[in-house]
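Working notes for the structure below.
The values are calculated or read from the model by the stated rules, or taken from the named source; none is laboratory data. Remember, predicted model here, so these are calculated numbers, not experimental data. All Cβ positions, glycine included, derive from the backbone under ideal geometry; neighbour counts span all protein chains shown. Keep in mind that these areas ignore ligands, DNA and RNA; they rest on the heavy atoms of the full protein, side chains included. Shrake-Rupley method; radii C 1.70, N 1.55, O 1.52, S 1.80 Å.
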Amino acid sequence: MRVVLDTNILVSGLAGPGSTPGRIVSAWRHAERFELVISEPLILELRRVVTYSKVQALFAKSGFTEKDVQEFIDLICLKAITVDVSGVALETVPKDPKDVPVMATLIASGAEWLVTGDKRDLLSLGMRNILTATQFMQRFDALRPPPLAEEPQAIYRVLQAWRRRQAAVPA
C-alpha cells in the first residue's frame, strides 16, 4: 500500500513519537507496513519547515537535535518512493497553492491514501482517499508500531546507541 504523508504529519510524527502521527511514522520507519511516497517539492517543503523556530522548539522538547532531524529527512530520501510531479494535471485543485505539490504527489504516485492534518484546505476537498491521521489509524489499526516505537524516548535511545556503534567503527 502506497501512502503520501503530508509535511505536517511527518513533522508531528517525529516530534511526538507516541502521538497518532508518530505511530504512523513508526509504522513506516520500523515495521515498513506501507510504502511512503514523496516528491522533490515535498522534501524541499519538509527541509524548509524544520527550520522554523516553532518546529525546532517542538523537536528540542522531544529531545531531538538538528542532526537527528536531518538524519530523519535523509532516511525519508533513502527509503521512500520518490515520484516526479512535473507535468501532473490536477482535476481537483486545493485552495492553497502550497498544497498543489501534495496533491500532485498523490496523483503521480497512484497512492491509495494521503494523510494530512490540513483540515482547511486538503481535507475540505472531500476526496475519499484524503484522511486525517486518526482516520488512517482507525482504518488500518494493524499498522501499530512495535512496542519499542510507542515509547517516546525509545527511538531517541536507539538512535543514540546506533551513533555510538557507528563512531566505534573505523573509517
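Quick test of your reading of the structure: Ser19 fulfils all but one of (1) within 16 Å of Asn129 (Cβ to Cβ); (2) modelled with pLDDT under 95. Name the failing condition by number.
Of the numbered conditions (1) within 16 Å of Asn129 (Cβ to Cβ); (2) modelled with pLDDT under 95, the odd one out for Ser19 is (1).
Go through the stretch 74-102 and give me each residue that's modelled with pLDDT of 90 or more and not small (Gly, Ala, Ser).
Within the stretch 74-102, Asp74, Leu75, Ile76, Cys77, Leu78, Lys79, Ile81, Thr82, Val83, Asp84, Val85 qualify.
Which numbered condition trips up Ala142, out of (1) open to solvent by less than 50 Å² (accessible area, probe 1.4 Å); (2) in a helix (DSSP H, G or I); (3) modelled with pLDDT under 70?
(1)
Select, from Thr116, Thr105, Thr134, the only residue that is within 15 Å of the chain's Cα centre (by Cα), at pLDDT 75 or above and surrounded by fewer than 18 Cβ atoms within 10 Å (Cβ to Cβ).
Numbers: Thr116 fails: surrounded by fewer than 18 Cβ atoms within 10 Å (Cβ to Cβ); Thr105 fails: surrounded by fewer than 18 Cβ atoms within 10 Å (Cβ to Cβ).
None of the other options fit; the residue is Thr134.
Please go through the stretch 1-16 and pick out each residue that is open to solvent by 10 Å² or more (accessible area, probe 1.4 Å) and either among the charged types (D, E, K, R) or without any contact (Cβ under 8 Å) to a residue 12 or more places away in the chain (or both).
Scanning the stretch 1-16 gives a single hit, Arg2.
If you go through the stretch 37-50 one residue at a time, how many are open to solvent by less than 50 Å² (accessible area, probe 1.4 Å), of a type in the set (A, V, I, L, M, F, W, C) and closer than 13 Å to Val102 by Cα?
5
Scan the stretch 17-33 residue by residue and report those that are of a type in the set (S, T, N, Q) and open to solvent by 10 Å² or more (accessible area, probe 1.4 Å).
Within the stretch 17-33, Ser19, Thr20 qualify.
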